[in-house]
Amino acid sequence: MDARFLGIPELVEVPDVAVVVDVMRAFTVAAWAFAQGAERIVLAGSPDEALALKARHPGAVALKDGAPAPGFDAVNSPGRLRSVDLGGRTVVQKTTAGTVGALAVKEASLVLCAGFVVAEATARLLRTRGCDGVTFVVTGEDGQADEDLACAQYIARRAAGTETDPAGYLHRAGASRAAAELTQGVRQGVHPDDVALCLELDRFPFALVAAVEEGLMVLRPHAVPSPIEGPSPIDGRPL
């Protein structure tokens with residue numbers, strides 16, 4: 001598999017297949033939202049758009065980076081979100097890097113959003129689809145965030161069918177600037193368990209697939225059974 005690793009500013013053309021990586025914390029949060037029962041996640045381009053989308057969808061939950069803010073129901077923290085019942089609800093998500101990266105490649109034929117918590121399911125879906133060329137969008141720090149690059153490199157190796165020890169990749173992520181800022185409370189809206197939750201490899205058995213629906217970039221879970229497993233009940237729909 002031909003893998004490219006690009007930051008958001010380096011996206012000069014629309015890739016055919018894109019994996020948008022935001023480990024700390026956008027797509028870890030997204031995976032937890034689905035685990036807590038969310039039906040779909042709508043990715044917003046700005047805080048104002050997020051609030052407008054929430055107003056258009058009764059019962060929707062809006063979340064963003066940083067401290068709690070008027071109109072937003074939650075912050076971008078897996079530790080805080082894991083106790084919230086989102087059964088059947090729409091989540092509107094706006095973050096500094098992850099949602100920006102996904103929206104930047106919305107015209108790609110296949111867009112996956114990923115973190116370590118869905119790494120193997122993401123790699124398995126790429127293998128299942130026979131993706132020869134994949135652009136990994138390293139969203140943090142203009143493509144320099146080591147937690148995102150480590151995750152992207154790990155997924156790329158697994159997608160190529162290479163047996164890979166995850167320990168080194170997880171160590172890099174745990175030693176990253178983002179992890180330190182979360183641990184030290186530099187970033188707002190943080191739960192003490194956030195870093196550990198972001199480093200839970202393969203916590204969830206589904207990939208996160210984003211696609212344009214009625215003009216909106218919508219993220220949904222897509223179950224990717226292993227070769228020895230049957231279909232998962234979370235989402236058996238074909239892409």
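The values are calculated or read from the model by the stated rules, or taken from the named source; none is laboratory data. The shown structure was predicted, so the numbers you read here are calculated from the model rather than taken from an experiment. Please note: Cβ atoms are built from the backbone with ideal geometry, for glycine as well, and neighbour counts cover all protein chains shown.
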> Which residues, counting only those in the stretch 96-127, are surrounded by 24 or more Cβ atoms within 10 Å (Cβ to Cβ) and of a type in the set (S, T, N, Q)?
Replying inline: THR99, THR122
> If THR95 passes every condition in (1) farther than 24 Å from ALA152 by Cβ; (2) among the hydroxyl-bearing types (Ser, Thr, Tyr); (3) at pLDDT 95 or above but one, which one does it miss?
Replying inline: (1)
>> Given the options LEU81, LEU112, name the one that is touching a Ser or Thr at 6+ places or on another chain (Cβ under 8 Å) and either at pLDDT 95 or above or more than 19 Å from MET1 (Cβ to Cβ) (or both).
In response: LEU112
> For the stretch 128-141, how many residues meet the condition of being touching a residue at least 24 places away in the same chain (Cβ under 8 Å), surrounded by fewer than 20 Cβ atoms within 10 Å (Cβ to Cβ) and either over 18 Å from ALA180 (Cα atoms) or touching a Phe, Trp or Tyr at 6+ places or on another chain (Cβ under 6 Å) (or both)?
Replying inline: 5
> Hey, among ASP235, ASP194, which residue is farther than 20 Å from ALA159 by Cα, modelled with pLDDT of 95 or more, touching a helix residue (DSSP H, G or I) at 6+ places or on another chain (Cβ under 9 Å) and among the acidic types (Asp, Glu)?
Replying inline: ASP194
> Out of the stretch 197-232, which residues are among the aliphatic types (A, V, I, L, M), part of a loop (DSSP other than H, G, I, E, B) and modelled with pLDDT of 95 or more?
Replying inline: LEU199, LEU201
>> For the stretch 5-17, check the following and say yes or no: at least one residue is without any contact (Cβ under 8 Å) to a residue 40 or more places away in the chain, in contact with a helix residue (DSSP H, G or I) (Cβ under 9 Å, 6 or more places away or on another chain) and among the small types (Gly, Ala, Ser).
In response: no
> Given (1) more than 20 Å from ARG4 (Cβ to Cβ); (2) buried (at least 20 other Cβ atoms within 10 Å of the Cβ); (3) β-branched (Val, Ile, Thr), where does THR183 come up short, assuming only one miss?
Replying inline: (2)
